[in-house]
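Here's the structure, in C-alpha cells; my notes come after.
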Amino acid sequence: MPQTLREVMDVFWQYKGIPAELPDYVIQNLNPSMPLRPYQGEALARLFWYFNGFQGRVRPAHLLFHIATGSGKTLIMAASILKLYE
C-alpha cells in the first residue's frame, strides 16, 4: 500500500498514466536552447497533475523536487513558476 505522495503518484503513473504533454505557455517561455530532459518533463507533468487533477491535494501545497545536483532544477523551477503564475 503506497504511503507517500511519490508512491501514490508512481502507482497512478504506472497503471493509469498521467499525460506528459506540457502546456504551450510553458514550452514557449523557456529558453529554446535548453530543451527539457525526459525526467524534467516527467517531474513537471507530475507537478501539473498534482495541481490540476489530484483529488488528495493539500492546500497550501508544499512540494519538493528531490533531484541530483546539475540535473536542471533551475529549469524545472522556471517552468513551475510559469504554472503557478498562470
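Table for the structure above
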item	result
Extension gain, Val58 back to Ile81 (0.36 nm per residue minus Cα-Cα distance, nm)	6.4 nm
Protection proxy ranking of 62-68, 26-32 - average other beta-carbon atoms within 10 Å, highest first	26-32, 62-68
Cα-based convex hull, the chain, per residue volume (Å³, whole number)	110 Å³
Computed FRET value (nearest 0.05) for His66 with Gln28, which takes r as the C-beta separation and R₀ as 41 Å	0.90
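The numbers here are math on the coordinates, done by the rules we state, and not lab data. All values derive from a computational prediction rather than experimental measurement. Backbone-built Cβ (ideal geometry, glycine too); neighbour counts: all protein chains shown.
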